[in-house]
1. Round to a whole angstrom and tell me the spacing of the C-alpha centers of segment 150-182 and segment 63-86.
2. Within 10 Å, count the other beta carbons around each residue, average over each peptide in 222-231, 275-284, and list them highest first.
3. Below 8 Å, C-alpha to C-alpha, sequence gap of six or more: please give me the relative contact order for segment 90-211 in percent.
4. Through the Karplus equation 6.51 cos²θ - 1.76 cosθ + 1.60, θ set to phi - 60°, convert the phi angles of segment 220-232 into ³J(HN,Hα) values in whole Hz; use x for Gly and Pro.
5. Normalising by the residue count of the chain, find the relative contact order in percent from Cα pairs under 8 Å and 6+ residues apart.
6. Identify which of SER157, SER102, SER143 has the largest mean-square fluctuation in a Gaussian network model of the chain, with springs joining Cα atoms closer than 10 Å.
7. Per residue of segment 95-103, in order, report the coupling 6.51 cos²θ - 1.76 cosθ + 1.60 (Karplus, θ = phi - 60°) as ³J(HN,Hα) in whole Hz, putting x for Gly and Pro.
8. Give the peptides 76-84, 296-304 in descending order of average Cβ contacts within 10 Å, highest first.
Amino acid sequence: MSPHSAQRSSVTIDTLKSDSGMDAKIGPVTHQPRVLVTGAGGFIGARLVSVLAAAGMEVHGLSRRQGVAAARKWHVGDCGDTAFVATVMTQVSPEFVVHLASRTTPGRDLGDFERQIEATILPAVIVARNLPASTRLAVFFGSCEEYGNTAPPFRESGSTMSFSPYGWAKNAAREAVLLVARTLDRPICWVRPFLTFGPGQGPGFLVPDVIRACVRNQTLDLTPGDQTRDFIAVDDVCGMVQRILDFPDGAAGRVVNLCSGQPRTIRSVGEAIRRLVGRGDLRWGALPYRTAEAMQFYGSTDTFERLFGHYQLSDFDHALSETIKTAESSFQTSPQAS
């Protein structure tokens, strides 16, 4: 098969099965593909642009602001703007699209529904409707929050049950994207990243918040920390996406977890950070668990490994150390918060 062909997977879009056992290692990409990454100015998006560019791909970044990653060209605008997205798709004519643009606030605030509709669901629908015929594969980022409080390990063929407006919006976006893909015959892969961490991640998430408190030797109030989560380094998430793009014919029509498959307690991760930094006051148990807290939350890597082979994850402590080093450098060059 020619590497330039846009051959579709024999698995139909609407099934989105992850357990057929199809060999994904057919039709690898052997030329320099053109990739459009939306949300390219964000935490994962910016790193993905750099990773794909380093792999020899012609990467175009779409973001609300000019990015600093090594994209061939930046397209500045809003994924919620249909005319803008249509114009970019026509200009770039991408072989691959990776859609990350979204409102990434996984809190439980029920007042967030309207913002999630505007910033998560509508952009996904607009991007899906405007995928050009040149598209060999479009990878849409969902979230592990789609699983909610179901029983782990979370498998792609299992049920979903949102416990946040963010998780609900990702589930709704997935259904909408599937409808568009099924109607327009566009090849898509829906990926669900788990708790991603790494250099450059903003506040409001466990790893950067604990690092900040420890580096500054401050007190941080936390829950008892016995709940488990599935943490994965941002470089691994990007590497797994690259692997998917390398074998697109096996990815079309799939839902795929991007996870470590290794449950870690919140407390063990926090204490690992404190050990690596060498200071910090983490007050475990100072806060109560949230209502309906998921005490066991981790994914299965079976589908990814069956489709794309084993992926060697980064050493967890090393990934934390690199994240800490970046944070320490950042804190040294910025004024300390009061």
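Throughout, read-outs are computed from the coordinates displayed, never taken from laboratory work. Keep in mind it's a predicted model, so treat the numbers as computed, not measured. We place every Cβ from the backbone using ideal geometry, glycine too, and count neighbours over all the protein chains shown.
1. The two parts, judged by their Cα centres, are 26 Å apart.
2. Details: 222-231: 18.6, 275-284: 14.7.
So the order, starting with the most tightly packed, is 222-231, 275-284.
3. Relative contact order of segment 90-211: 30 percent.
4. Using θ = phi - 60°, the values come out as 10, 7, 9, 6, x, x, 8, 6, 9, 9, 9, 8, 9 Hz.
5. Values: 708 pairs, mean separation 69.3, N = 338.
Rounded, it is 21 percent for the chain.
6. Looking only at SER157, SER102, SER143, the biggest GNM fluctuation is shown by SER157.
7. Working through the residues one at a time gives 7, 10, 10, 10, 9, 10, 4, 5, 8 Hz.
8. Numbers: 76-84: 16.0, 296-304: 20.4.
My ranking of the peptides, most packed first, is 296-304, 76-84.
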